[in-house]
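Structure first, commentary second.
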Amino acid sequence: MAGYFIGHYNITDPEKYGQYIAGTGPTLAPFEAKVLVAGHDHEAIEGSPQPVTVVLEFKSKDDAKAWYSSEAYQKVIHLRHEATENGWAVITEQFVMPS
């Protein structure tokens, strides 16, 4: 069952965030992750969301957790923390509608 990393935040330092993006890309390849959403152009229909939403798809929730805690990603995560505010991130698994 697929696993997902979902992040939601406001970018406060675009230059540093660019460094984060450049450093994060190579960390995803070993986990065969897909970037499903990485956008600033969403339309809020409920609540007060932050401007950036990111959704990464992995083969499983365990793979998503392994990527997040990997040495390679941990070397760049500080860039996201330093370049964003009011954010959150979750790792979850795919929902399968009961039959």
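The values are calculated or read from the model by the stated rules, or taken from the named source; none is laboratory data. Keep in mind the model is a prediction, meaning the values are calculated, not measured. FYI the Cβ positions are ideal-geometry reconstructions off the backbone, even for glycines, and counts take in every protein chain you see.
A few remarks follow.
- Residue match in segment 80-87 (condition: within 12 Å of the chain's Cα centre (by Cα) and at pLDDT below 95): yes
- Yes/no for Ala72 being at pLDDT 95 or above, farther than 27 Å from Met1 by Cβ and small (Gly, Ala, Ser): no
- Residue check, Gly47 within 13 Å of the chain's Cα centre (by Cα) and not in a helix (DSSP H, G or I): no
Here is a yes/no grid of residues against (1) free of Cβ contacts under 8 Å to residues at least 24 places away in the same chain; (2) in a strand (DSSP E or B); (3) not hydroxyl-bearing (Ser, Thr, Tyr):
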| site | (1), (2), (3) |
| --- | --- |
| Ile21 | yes, no, yes |
| Ala29 | yes, no, yes |
| Asp41 | yes, no, yes |
| Thr53 | no, yes, no |
| Lys65 | no, no, yes |
| His78 | yes, no, yes |
| Glu85 | no, yes, yes |
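- Any hit, segment 87-96, residues being within 28 Å of Glu15 (Cβ to Cβ), in contact with a Lys or Arg (Cβ under 8 Å, 6 or more places away or on another chain) and assigned to a helix (DSSP H, G or I): no
- Residue within segment 67-81 that is farther than 26 Å from Phe95 by Cβ and of a type in the set (S, T, N, Q) present: yes
Yes or no, residue by residue, for (1) among the β-branched types (Val, Ile, Thr); (2) surrounded by 16 or more Cβ atoms within 10 Å (Cβ to Cβ); (3) touching a His at 6+ places or on another chain (Cβ under 8 Å):
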residue	(1), (2), (3)
Pro14	no, no, no
Tyr17	no, yes, no
Glu32	no, no, no
Val37	yes, no, no
Val55	yes, no, no
Asp62	no, no, no
Lys65	no, no, no
